[in-house]
Amino acid sequence: MGGAAMGGAGLTALISGRSIVLDKKLASSGEGTVWTTNFPGFLAKLYHTPTPDRIEKLRVMIAHPPQNPMRHHHHVTFAWPQDLLQNAQGQCLGFLMPEIVDGVKLSLIYNAKLRNRKAPRFNWYYLHTAALNFALSLKSLHDEGYVVGDIKPQNLLVNSRALISVIDADSFQVRDPKTKTLYRCLVGSEGFTPVELLGKELSTLDQTEIHDRFRLGVMVFMLLFGDQPFKGKWIGRGESPQPAELIRQGDWPYAPNSMVQPGPNTIPLSIIHPQLQVCFQRCFTEGHRNPQARPSAQDWSEALKLAIPDLRMCHLENNHYYSRVYGRCYWCDRRSSVGLDVFSPTLALPRVKPQPPARKTAASTSPRHPLSAASSLSSLIGGVGPQGQSSLQRAAATLINPMTAKTSQSAHAWIHRSNPVWWGAGCIAVGLVGLAILLLPDLNVEMIQKGGTAITTALTQGFESRTANKVKSKLKSLVPPADSQQIAEVQHGGHWDAITALDLSLDNQLLISGSKDMTIKLWEFPSGQLKQTFSDHYEPIVSIGISDNKETLVTSSVSGKILVWNLETQELMRSLLTNNTWGLEGTIRTAVTDRRGQIFASSGWGGSLLLQNLQSGKVIRIASNSLGSEQALGILPNGKTLISSSSDGKFQLWDTATGQLTKSFSSSISNSSFESISVLALSLNGRVMVSGSWDGSILVWDLLTGTLQKQLQKQPKAISVMAVSDSGDRLAIANTNEPVIKVWNTRTGKLEGILLGNIGIVTALKFSHDGQYLISGSDEPSIKIWSLSTRRILRTLMQ
């Protein structure tokens, strides 16, 4: 049989008729042997026992190959059967398949110790990209009706461009599309078997892509966190159960009432992008009860496409990446606290300092890729979103490797500010040099050279310029006519860094702004005359809040410092520093103050909520139920109720006096899915709430009943900033990394207008209480006062 075939033996490829000579045996297992052949780029697999079922399964696979999602990069994604091999007697012994020459086993990449020895530059950015490429590969298989079944790191290879190759394809579950005959997957791997298949004989089961969804979730988790998801500190009786039993019980560290809790070295779920948090909750928490709720390969792909552009490079260690949403380098914090660095390279790559533009723009203030090419190239390509792409953009979206998957603020700098082409080209050249030393000898440098060719080809063959004028022509009815434009009045004395917070007194006379420049500024409104600057914070400002009686101002900064001011005397009355007591829980990533200036609520980097009574000094800690990051906060006008959203897909209402949960309801359109909220806004009467999501959804809620009133048009990007008018009938939003403001009517659900005029990315919004004006802050940096009747800028407050 096949096992008796020796080197030099002659075989014939049944379909092509090519004569195949076996050369060198590469591997041997209980199933068969793998050989090099005289056909360059192809290997032969011969079965010890080539049963009729095996051969018929191969015939179906050869006739119905899946699409190669990386075909534009000349990359072999699947070691797919290409032809049957028969001996001189006409007996089929096995098959011919493409050789994967440039990959290493995935275990060398996700395991921190092996990675630091073998591929020290393969950082968190590349791990995200590898996860995306695997999700795209699995989607391609599922689209053709295949079920992988035995997903495990040993069956996946990854190369220096984070491109994935799937081997052992003949073990997949295959269904003949004509006869409907099913050829099952006979094996599985511990830790990758979903709860509904545990303890069952896989050779007798018809599997579906729902089962693969669990396996995909485990693999993505291993890539991003370096270990199995069902692992942590066991708090039950006796010894910790085996992984299969933990899967059976649904015990992973981020499930409610789990017997497995995060240990001292556990990497927290809150450090990843909120959409990925949602996917993990759906896969391992909701999916444990309802397998249909597990995110599909498409869902994972979309979440990772949001997460990758959101990654930022650490300013201290160029091999550290962190999520912009998380806001700080977790890997530096971890190194300081537990003495471990999972991205500690043995090869130092020099920082590349890009030449700055002539003037400061949003793009120039954004952290850049350590190789400098990714953000510049992505600014030419314009992102990986599925809608509105040019041919080049679609090609880049299909490649999804570290050189093209990353989008950045510089994309908009290119479109709206016309940066020179040589700037991007120079960065690409530098980036290719850096990429050449990404991995050590285990990976083939030839593929890096091919990667450079692919990038050059993409740039020369498909580039389409998308200008702001093209956008304006489509939105003509929503934008003020050209003859209504006039030069806005400019007031100086403004901030020199991005605006982070805005508030307006109830009498519409005092505007207050906070900035990354660590200052608070008081302005006359709407004249824009600067009245006062407070410089008592020594860190970027997170929040500001004016009491309705205009007597008190409460401000906060990132470390947890809270200052309470007397606005009449402009004197500092009180200073609080919560991180002295609460550590990371006391730091502030988002915060809100009630209308009386008495209750301050914040969400810290540790994931919990803190409620502080500014008069009594009492602090109540509310632990995060999902152990994910709290994303949005609001306090109802009466000051008695705090509303929060988190990655478990719910809004939660808390009593501000006791910290007790009083009500919760789903933040999603349907109860069967999670919706990760990025921002929320409340009307002054406390009846209307509008939520914006990381997936671009905008929902209008009745807070008295907790019911969804209206769904506005979904946006192509995440909602990053939002404001609602006092009456709740008008909404202003801006998308992530966008300079454009959109104004909606929440009652009709119609888009009322689009405000164009910001150069930088919009970072803060506030309606005037009389509904006549909208105030915006950006990272230009400037503050703009807009007339809502004419949709024009009346004044710009800048440095």
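The values are calculated or read from the model by the stated rules, or taken from the named source; none is laboratory data. Nothing here was measured: the structure is a model prediction, and the numbers come from that model. Positions of Cβ are backbone-derived with ideal geometry, glycine not excepted, and every protein chain shown enters the neighbour counts. Areas reflect the complete protein model, heavy atoms only, side chains present, ligands, DNA and RNA absent. Shrake-Rupley method; radii C 1.70, N 1.55, O 1.52, S 1.80 Å.
Things worth noting here:
- Every pair of different Cα atoms in region 190-341 enters the Kirkwood calculation, which places the hydrodynamic radius at 16.6 Å.
- Working from label points 7 Å from Cα in the Cα-to-Cβ sense, the Asp702 to Asp770 distance is 3.2 nm.
- D_trans [Stokes-Einstein, Kirkwood Rh over alpha-carbon pairs] for region 643-799, 10 °C, 1.306 mPa s, µm² s⁻¹: 99
- Relative contact order (%) - criterion: Cα under 8 Å, at least six apart; region: region 88-202: 24
- Global geometry of region 651-731, whether rounded, prolate or oblate, following the gyration tensor of its Cα atoms and the 1.5 cut on a/c: oblate
- Sites His48 and Arg289 - FRET efficiency at Förster radius 35 Å, r taken between beta-carbons, to 0.05: 0.25
- Here r is the Cβ-Cβ distance between Ala63 and Gln89 and R0 is 22 Å; the resulting FRET efficiency, rounded to 0.05, is 0.35.
- Net charge of the neighbourhood of Gly639, taken over other residues with C-beta under 12 Å away and scored Lys/Arg +1, Asp/Glu -1, is 0.
- Too-long pairs where the Cα-Cα distance tops 18 Å, listed order kept, from Lys650/Lys717; Lys45/Lys118; Lys139/Lys305; Lys663/Lys766; Lys105/Lys152: Lys650/Lys717; Lys45/Lys118; Lys663/Lys766
- Modelled spin labels at Asp729 and Asn566, positioned 7 Å past Cα toward Cβ, are 4.1 nm from each other.
- Accessible surface of region 729-799, 1.4 Å probe, proportion on carbon and sulfur as whole %: 45
- On a per residue basis, region 87-148 carries 31 Å² of accessible surface, using protein heavy atoms and a 1.4 Å probe.
- Alpha-carbon radius of gyration plus Dmax, which is the widest Cα pair, for region 1-96 in Å: 13.2, 40
- 22 Å tail of the calculated P(r), region 61-198, as % of Cα pairs: 44
- A straight chain from Gln154 to Ser575 at 0.36 nm per residue would run longer than the Cα-Cα distance by 146.0 nm.
- Over region 17-144, Cα pairs under 8 Å with separation of 6+ residues give a relative contact order of 19 percent.
- Based on the Stokes-Einstein relation at 37 °C and a viscosity of 0.692 mPa s, and on the Kirkwood radius from alpha carbon pairs, region 692-740 is assigned a translational diffusion coefficient of 286 µm²/s.
- The three principal axes of the Cα atoms in region 496-622 give end-to-end lengths of 41, 30, 20 Å, sorted in falling order.
- Cα extents of region 83-153 along the three principal axes, largest first (Å): 52, 30, 18
- Contact order for region 215-255, expressed relative to its length and based on alpha carbon pairs under 8 Å spaced 6+ residues apart, stands at 36 percent.
- What a 1.4 Å probe finds exposed on region 115-159 is 40% carbon and sulfur by accessible area, rounded to a whole percent.
- Net charge of Cβ neighbours under 12 Å - reference Asn745; Lys, Arg +1; Asp, Glu -1: +3
- Glu201/Asn265 FRET efficiency (R0 51 Å; Cβ-Cβ; nearest 0.05): 0.85
- The Cβ shell under 14 Å around Asn68 holds other residues with a net charge of 0, Lys and Arg each +1, Asp and Glu each -1.
- Potential extension, Val187-Arg621 segment - 0.36 nm per residue separation minus Cα distance: 151.5 nm
- Surface analysis of region 214-289 yields an accessible area of 38 Å² per residue, using protein heavy atoms and a 1.4 Å probe.
- For the pair Glu56 and Leu340, label points projected 7 Å from Cα toward Cβ lie 5.0 nm apart.
- Length added when fully stretched, Ser29-Glu245, from 0.36 nm per residue minus Cα-Cα: 74.8 nm
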